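Data block below; observations after.
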Amino acid sequence: MTTPDSQEVSHLLAAWRAGDLTALERLTPLVYGELHQLAHRYMRRENDGHTLQTSALVNEAFVRLIEQPQINWQNRAHFFGVAAQMMRHILLDYARTRMRAKRGGGALQVSLDETALVTGVRAAELIALDDALNELATHDVRKSRLVELRFFGGLSNEEVAEVLGMSLRSVEREWRKAKAWLLHALSKDEPHEA
Amino acid sequence: MKPEHWQQLDQLLEAALERPSAARAAFLAEACAGNETLRQEVESLLRADARAASFIETPAAALAAEALAQQPAWDALTAPSWVGQRLGHYEMLALLGAGGMGEVYLAQDVQLGRKVALKLLPARFTVEVERVRRFEREARTVSALNHPNILTIYEIGTLATEAGETHFIATEFIDGQTLRERLHGGRLELNEALDLTLQIVGALSVAHAANIIHRDIKPENVMVRRDGLVKVLDFGLAKLNEAPVLPANSSVSTLEKLSTEPGAVMGTVAYMSPEQARGQKADARSDLFSLGVLLFEMLAGQRPFAGATTSDVIAAVLTAEPPPLRQPCAAASAELEQIIGKCLSKEREARYQSAEELIVALKALQSGSQVEGTATSRQLETAKARFASWRWPAIAGLAAVLMAGLVWFLVWRRVPPDQIKSLAVLPLRPLQAGTRDEALELGTTSTLITRLGSLRQLIVRPESAVEKYARADQDPLAAGREQKVDAVLDNRYQRVGDKLRFRLRLLRVADGATLWADTLDQQTTDSFAIEDALSAKVTGGLKLTLSEAEKELLAKRYTKSAEAWQLYVRGRLLLHTRRIPDIEKAITYFEQAIALDPGFALAYAKLGHAYASLSWVGQAPPKELAPKTKAALDQALKLDDQLAEAHAHLAEYKHYYEWDFAGAELEHKCALELNPSSADVRQAYAFYLTYMGRFEQAIPEIKKAEELDPTSIWISRNVAQTLYFARRYDDAIEQSRRVIDLHPNSGPAYNWLIKAWEMKGDEQSAFAAYLKRAEANRASPDELAGMKVAFASGGLKGYRRWELDRRLAREKSRYVGHGDIAIFYAQLGEKEQALARLQRAVEDRTLYVVTLTIEPQWDSYRTDPRFVALVRRVGLVP
């Protein structure tokens, strides 16, 4: 894999911010490559029982890709946006692959949900959550991005506030409402839930 | 939903949430006046909010890491199967199966034109480098035992995919079915069940003898070939998926462990021993428990411990007694029931203590139940014959594998981009397979190692550590990880007409990045020019800033004769084994090298050391060999007084033979000054400090030596020696076990374990270690039997008497060191004899006598005036 040059990454981020959607396409493999490598390295180093903080991972990927002493907050915010989207994509594909494997039947005893249990969300729930989040986006893009950053990107409320340019107070409010809405949407299919 | 409606809903929800819950209903009733649907919508959102406290609060973090690390590439997310694709030199033909332990494919090895079963390990198994190393070592060891009932492993390695690497195991492909599939057809006949069990336990006994536990015996891991031959799969693989071992009294329940441990599959639980279910360490007897479950299931058609859920099964394994074998199995005798019952004992101590014990019991049963003369029993006979013949070749094979695969604990270290502190120079290898120019390979590699090793800023692994990586298909990064170095230098050569073309690569071990690469063309005739050009290129590539003195060292030529250099390198590698015939051969090589180049100081230094080594291993009395040692070392220093190793060996001579302790230390310091990064030089000084009783100084010194050469059995073993003399017996035992774990077939690895157990007064363990050592030293069956009888009849004392008699008998025909004999007398309480022997050891100037003041065995002698006189004579302060 070629090492992306940090100027290129900054440039792509700026282009994307300016509305160039193809910039995101070009940015994605660079960010993915970095995240993938970092995740590999973390998993090697971590002992049993430790979990990797996604935001730490994203942070490190950012620092490594940009390599700038002066961090441009705009860039950083956008970078987190890219990473969270990507993480969502990766996790969903991962969950779907696992679901497929499960349906694959007898021979495939892939242990599915044990892994997902760590996060409190099972593979199946993750897919449903994604659907609900897509629906939420049709009503309220800001809430959907907030959830993406928090849940898939692993960012704290403070970081989300920074990335979305909101006050901390608004982030907390919006987060609570988004959660209520999502949980409500997810419960609709379950007959025993009120 | 219309945007206005959504906005309304959102605002109402927010307003309601800001109110105390008791006030919300009234608020909504008023705010939604008349719009009942809207009110209900907000109400249900509020109910959801009440339940949402922890909902999605935890980010998908852990899963994210796994997803990222596991998926080798973005594309692979949607393409989980490799069928039809090519990975490395494997053509993936079909998916044979998949499970918690990975996917297994039928693949064609296109290089060797054979079908293999290729297992791809899930990424979560391979995140811990040390576990993977360990697993690889065990798997290779077991495979090398070459037992007919153990699946042969062809290759273990990593396959590069677009964005990462996947660990894989390629094994022979067995045309047959798993025992699980076989059991689907119903329970088995007694004869067949016994036959299969005996084959499995045969495989286990061999593996256990090599200290390898299977840990996951179950029907899925046993293949039965069409002709009835059993193959046991996946030795040690279970360990990759295991949580850390818990202490015996741990209160953490298995359920907790299982619920957090991905991949714990229910099927496995039913075959798990109680200790494994408790999360404790598995041993040979754990495998026998699992085998008992298997035998029960084969005969009864059902498992002895059953339950509706995983936890019920575990509870049964831990507490329930197995049900009696049912009616369908009328052939089962009381004896059979007893055998199974013993296998299934909850306490390990109540089970068969070894696979061999179980074999004996099963065979007795088999002959008693008059097995009919079927194909099955014929197979059994062949299996028995194979079992009888495996032992010797297997031990030889094991030794070879261990020589080739010395592994030390791996610590993953991050290396900042340009900071290469430690380096392994891999043996020069041809670019393409074909005839190899051994002289060229040996000469250039050792020159590079010697030259780079003389630089202060760089730690370079010695030849003895890297010589095993000479195979053409050696993975350079794997070698680098094993050697715990920052970077590896991987040099290849190719003949192009009358020229040699070298391709040089410097690889960073942490991430496989190529830090530098270059090529070099040289005329084949001048090997020195080649070495000089290579050294220059490499130091350039390493971006080293060298002092004038170092530049001089880099250009240093130790001999004018290429042939002499090669002889010297060969001799040096032989010395490392510390076996008498090898030392003697090394002496011949050094003498030949000196004959070719009488000015070859380094060869003189090693010749002196080789003579000294002969006396240390007890080949001849030191006083016979000392003059030769001294003459060679003097000559070495006369030719080159800057040779660190010559000074270190002179220090040893002064210490052990002249008993000039102060002079010895000066020489050691001088050697260290000249070359602080030589493992040998460091270790020699650590020895000195230990024998002088300066343990606090010795331990850090020997640790430094270990860092310089982490795979050296001798250095690791000497840590145990220092700990023993420092009277830290538990630590010495711990360290010895670590060494033995890595080098189970090395006799000397047991020396300090034995002594530590003796000092702790644990006769049983001490004798067990004596036995293990004798086995590792390839003692004859007669000798082993003699040892056991002596111990059985007279305890450790009985054994010591037997051993002493043996040595006294041997003494009639050859030289035997007096130190050991003195110790045996002392341990038997024969003080006069012990002192007499000590007296002779002192007269011979045996190395042993420099330890008189620190050896705990002599504690009760310390007030005896005769002992005091001996200590004084050596020049030590009593």
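The values are calculated or read from the model by the stated rules, or taken from the named source; none is laboratory data. Here the structure is a predicted model, which is why all the values come from computation and not from measurement. Cβ: placed from backbone, ideal geometry, glycine included. Neighbour counts: every protein chain shown.
Only one of the numbered conditions (1) at pLDDT 90 or above; (2) under 33 Å from the mean Cα position of the chain (by Cα) is not met by residue B:804, and that is (2).
Against the list (1) within 30 Å of residue B:860 (Cα to Cα); (2) touching a helix residue (DSSP H, G or I) at 6+ places or on another chain (Cβ under 9 Å), the condition residue B:761 fails is (2).
A quick yes/no check of all residues on (1) in a helix (DSSP H, G or I); (2) modelled with pLDDT of 75 or more:
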{"residue": "A:12", "(1), (2)": "yes, yes"}
{"residue": "A:29", "(1), (2)": "yes, no"}
{"residue": "A:40", "(1), (2)": "yes, no"}
{"residue": "A:43", "(1), (2)": "yes, no"}
{"residue": "A:52", "(1), (2)": "no, no"}
{"residue": "A:78", "(1), (2)": "yes, no"}
{"residue": "A:92", "(1), (2)": "yes, yes"}
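For residue B:62, the conditions (1) crowded, with 18+ Cβ neighbours inside 10 Å; (2) under 30 Å from residue A:150 (Cα atoms); (3) at pLDDT below 75; (4) more than 7 Å from chain A (Cβ to nearest Cβ) all hold with the exception of (4). Can you pull out the residues in the range A:124-141 that are touching a helix residue (DSSP H, G or I) at 6+ places or on another chain (Cβ under 9 Å), in a helix (DSSP H, G or I) and under 19 Å from residue B:2 (Cβ atoms)? Result: A:134, A:135, A:136, A:137, A:138, A:139.
The rows are residues; the columns are (1) in contact with a helix residue (DSSP H, G or I) (Cβ under 9 Å, 6 or more places away or on another chain); (2) of a type outside the set (Phe, Trp, Tyr); (3) touching a residue at least 40 places away in the same chain (Cβ under 8 Å); (4) more than 9 Å from chain A (Cβ to nearest Cβ).
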{"position": "B:17", "(1), (2), (3), (4)": "yes, yes, no, no"}
{"position": "B:20", "(1), (2), (3), (4)": "no, yes, no, yes"}
{"position": "B:24", "(1), (2), (3), (4)": "yes, yes, no, yes"}
{"position": "B:27", "(1), (2), (3), (4)": "yes, no, no, yes"}
{"position": "B:30", "(1), (2), (3), (4)": "no, yes, no, yes"}
{"position": "B:42", "(1), (2), (3), (4)": "yes, yes, no, yes"}
{"position": "B:45", "(1), (2), (3), (4)": "yes, yes, no, no"}
{"position": "B:49", "(1), (2), (3), (4)": "yes, yes, no, no"}
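Counting just the residues of the range B:226-243 that are modelled with pLDDT of 85 or more and outside any loop (DSSP other than H, G, I, E, B), which one comes out surrounded by the fewest Cβ atoms within 10 Å (Cβ to Cβ)?
B:231
Only one entry of B:779, B:809, B:834, B:841 meets the criterion of being part of a helix (DSSP H, G or I) and either surrounded by fewer than 19 Cβ atoms within 10 Å (Cβ to Cβ) or in contact with a Lys or Arg (Cβ under 9 Å, 6 or more places away or on another chain) (or both), and that entry is B:809. Set side by side, the residues B:335, B:357 differ, and just one is at pLDDT 85 or above and either closer than 15 Å to residue B:218 by Cα or assigned to a helix (DSSP H, G or I) (or both), which is B:357.
Restricting B:490, B:475, B:486 to those that are within 22 Å of residue B:89 (Cβ to Cβ), buried (at least 19 other Cβ atoms within 10 Å of the Cβ) and at pLDDT 80 or above reduces the list to B:490. Scanning the range B:133-161 for residues that are among the polar types (S, T, N, Q) and surrounded by 21 or more Cβ atoms within 10 Å (Cβ to Cβ) turns up B:141, B:143, B:149. Among the residues of the range B:119-131, not a single one is at pLDDT below 80, surrounded by fewer than 21 Cβ atoms within 10 Å (Cβ to Cβ) and closer than 19 Å to residue B:230 by Cα. Taken over the range B:78-92, the criterion of being assigned to a strand (DSSP E or B), surrounded by fewer than 19 Cβ atoms within 10 Å (Cβ to Cβ) and either at pLDDT below 80 or touching an Asp or Glu at 6+ places or on another chain (Cβ under 7 Å) (or both) is satisfied by no residue.
Contact annotation: residue pairs with Cβ atoms under 8 Å, 6 or more positions apart or on different chains, pairing a residue in the range B:696-708 that is free of Cβ contacts under 8 Å to residues at least 12 places away in the same chain with a partner that is part of a helix (DSSP H, G or I) and not basic (Lys, Arg), are B:697/B:689. Look at (1) crowded, with 24+ Cβ neighbours inside 10 Å; (2) touching an Asp or Glu at 6+ places or on another chain (Cβ under 8 Å); (3) more than 21 Å from residue B:465 (Cα to Cα) and you find that residue B:611 fails only one, number (2).
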